[in-house]
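What follows is calculated from the coordinates using simple rules that are stated; it is not laboratory data. All figures in this text were calculated on a predicted structure; none of them were measured in a lab. Positions of Cβ are generated from backbone atoms using ideal geometry, with glycine treated the same way; all protein chains shown enter the neighbour counts.
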Amino acid sequence: AQSVTQPDIHITVSEGASLELRCNYSYGATPYLFWYVQSPGQGLQLLLKYFSGDTLVQGIKGFEAEFKRSQSSFNLRKPSVHWSDAAEYFCAVGAPGGTASKLTFGTGTRLQVTL
Amino acid sequence: GAVVSQHPSWVICKSGTSVKIECRSLDFQATTMFWYRQFPKQSLMLMATSNEGSKATYEQGVEKDKFLINHASLTLSTLTVTSAHPEDSSFYICRGTSTGKSANYGYTFGSGTRLTVV
């Protein structure tokens, strides 16, 4: 069974500082990997996804993530955080090969940005 | 592309009544719709998977008679919470996918519905 671990429940960073959110997955092969962001009371917005190929994936809002097979990780990064980035971030894993696969989500990391 | 419209955004209902939530794919044909539930400060948990024209497949622990899913067309899927109780209060969100399309049509979600049962 596939699973996702986000070890950090809550992270606080200063505006302008760099950010890295951790995500580790468990899957028998290379899965599809995703990062979503959720603002309070809102739906999910897809930040980026990894299917195959280049292990460094660029997303929206200046985010990027790096797939590391040896570490079963897919960490999200941003070089300079803005106050508007404060939200809940979810990492998710899905079976490769099609769009109709179930997604399994991590427990989320709440990002707080201080001014 | 791959826009899923979900309504209502929020709903308050009395205990014992039923509530219907709609998810529409606006620019693609959603052959499959996934329904998730998210309790406050928790992650998203898959409730059920529905394929157009077929009965939905429910995850373990989800009562199929309580959470009725209809996916009669390629652009509309509905989730009805029957005889709602306060413990059903949650955030419900859908995700539509389309077989035969690129993966870009598979990973966007509706905007979610906040259900409060009083």
- Do you know the relative contact order of chain B, to the nearest whole percent, from alpha carbon pairs under 8 angstrom that are 6+ apart? 37 percent
- With labels modelled as points extended 7 Å from the Cα through the Cβ direction, what inter-label distance (nm, one decimal) is found for B:His85 paired with B:Thr17? 1.9 nm
- Debye calc, one equal point scatterer per Cα of the protein assembly as shown, no solvent, log10 I(q)/I(0) at q = 0.08 1/Å comes to -0.29
- Message: Under 10 Å, Cα contacts only: if you run a Gaussian network model on chain B, which one of B:Ser54, B:Ser89, B:Ser18 comes out with the highest mean-square fluctuation?
- Response: B:Ser54
- Note to self: C-alpha centroids of the range A:16-36 and the range B:68-83 sit apart, in Å, by 32 Å
- Query: Hey, in the protein assembly as shown, which Cys have no second cysteine's beta-carbon closer than 4.7 Å?
  - Reply: B:Cys13
- Here the Kirkwood hydrodynamic radius of the range A:14-115, Cα-based and in Å, equals 14.0 Å
- Note on the structure: Place a point 7 Å from the Cα of B:Gln29 in the direction of its beta carbon; the residues of the range B:58-75 whose amide N falls under 11 Å from it are B:74-75
- Query: Given chain B reduced to its alpha-carbon atoms as identical point scatterers, what log10 I(q)/I(0) does the Debye formula return at q = 0.14, 0.15, 0.18 Å⁻¹?
  - Reply: -0.52, -0.60, -0.86
- Mean Cα-pair separation over length for chain A, i.e. relative contact order, pairs under 8 Å, 6 or more apart, %: 37 percent
- Of the cross-linked pairs A:Lys68/B:Lys41; A:Lys49/A:Lys78; B:Lys14/B:Lys55; B:Lys20/B:Lys41; B:Lys20/B:Lys64, which ones have a Cα-Cα span greater than 18 Å in the structure shown? A:Lys68/B:Lys41; B:Lys14/B:Lys55; B:Lys20/B:Lys41
